[in-house]
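Peer 1: Here you go, one structure.
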Amino acid sequence: MAPPTLSQYISRKRVIPPKAHGTPYLLDGNILLVTERNAFRFDKRTLISQCTEFARKVASMNDGTTDVVEGAVVLELPSWVSSLDLGAFLDALWETPQGYADQVKAA
């Protein structure tokens with residue numbers, strides 16, 4: 001029997017293992033993006049305002065069956081999405097003026 005994927009582990013245990021935290025991992029983030037190796041906690045509003053593909057995925061999550069762990073909705077990403085690439089993408093989003101402006105408004 002194969003070991004559970006990170007997404008399965010998070011779903012069963014209802015916790016994100018600290019060793020699996022990707023960078024960025026925003027403690028006040030409200031969406032958890034899970035790759036095979038890492039979980040990235042991010043600001044959903046920043047993510048969907050800057051990326052139409054994620055906006056589409058998040059819109060489809062509103063069916064009542066989405067996992068919520070530690071106050072963040074869980075979005076499991078396809079196996080071809082690398083942790084390294086996703087981390088770089090999220091870092092770039094967070095550094096944009098829009099990402100910073102969203103965080104200031106939320107504070």
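Peer 1: What ranking, highest mean first, results for peptides 10-16, 45-51, 78-84, 58-64 when packing means the other Cβ atoms within 10 Å averaged over each residue?
Peer 2: Highest-to-lowest ranking by the protection proxy: 45-51, 10-16, 78-84, 58-64.
Peer 1: Picking from Val34, Pro24, Cys51, whose Cα lies most toward the positive end of the charge dipole for the chain (charges on Cβ: Lys, Arg +1; Asp, Glu -1)?
Peer 2: Of Val34, Pro24, Cys51, it is Val34.
Peer 1: As I understand it, the dipole of the chain uses +1 on the Cβ of Lys and Arg and -1 on the Cβ of Asp and Glu, about the Cα centre. Which of Leu84, Gly71, Met61 lies farthest toward its positive end?
Peer 2: The listed residue farthest towards the positive side: Gly71.
Peer 1: Let me ask something else. Taking 0.36 nm per intervening residue step and subtracting the Cα-Cα distance, what contour gain separates Ala59 from Asp85 on full extension?
Peer 2: Going from the current span to full extension adds 7.1 nm.
Peer 1: What does the helix-only formula give at 222 nm for the chain: each DSSP H stretch with n ≥ 4 adding -39500 (n - 2.57), the total divided by the residues, and the result rounded to the nearest 500 deg cm²/dmol?
Peer 2: Only helices count here, giving -12500 deg cm²/dmol.
Peer 1: Can you match mean projected area of the Cα convex hull in nm² to one of these, (i) 11.5; (ii) 12.0; (iii) 7.1, based on a calculation from the structure here?
Peer 2: Computing mean projected area of the Cα convex hull in nm² and matching it to (i) 11.5; (ii) 12.0; (iii) 7.1 gives (iii).
Peer 1: Sum up the charges of everything whose Cβ sits under 12 Å from the Cβ of Thr5, counting Lys and Arg as +1 and Asp and Glu as -1, but leave Thr5 out.
Peer 2: 0
Quick note: the coordinates plus some simple rules give every number you see, no bench work behind them. Predicted, not measured: the structure shown is a model, and the values here were computed from it. FYI the Cβ positions are ideal-geometry reconstructions off the backbone, even for glycines, and counts take in every protein chain you see.
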